[in-house]
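Working notes for the structure below.
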Amino acid sequence: MPEEEEDEDQVEAYLDKLIAKKNDRPTPVDEDDEDEVLLALTRDDARESLATRVLPVQHNEFICKNCYLVKHRSQLADQRRQLCRDCA
């Protein structure tokens, strides 16, 4: 019987290691779950988590007058109308 107990102890130790490894892995993030988390936030929590630092348009960027996206100067197709390649 002691041999069976040793086997059970080894199996239990192995299972504990597997469980610990599983718990150490990052869990995949589902977009629906992320949306639910954002909707569940209180007003103050939402303001804090969505706070980002906005930079002004840089010297090598422009704002397309059609799609209003900030693009790199290399994407400028029509300088007079300030349109990007996608909108020109």
| query | Counting only residues 5 or more places away or on other chains, whose amide H sits under 5 Å from the amide H of residue 77 once H atoms are built in the peptide plane? | reply | 83, 84, 85
| field | Highest to lowest packing among 54-60, 12-18, scored as the average C-beta count within 10 Å | value | 12-18, 54-60
| So what J values fall out for the range 54-68 if you push phi through Karplus, 6.51 cos²θ - 1.76 cosθ + 1.60 with θ = phi - 60°, rounded to Hz, Gly and Pro as x? | 9, 9, x, 4, 7, 5, 9, 10, 8, 10, 5, 6, 9, 9, 6
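Where a number appears in this text, it was derived from the coordinates with a stated rule and is not lab data. Being a predicted model, the structure only gives us computed values, none of them experimental. Because the Cβ atoms are built from the backbone with ideal geometry, glycine has one as well, and the counts that use them run over all protein chains shown.
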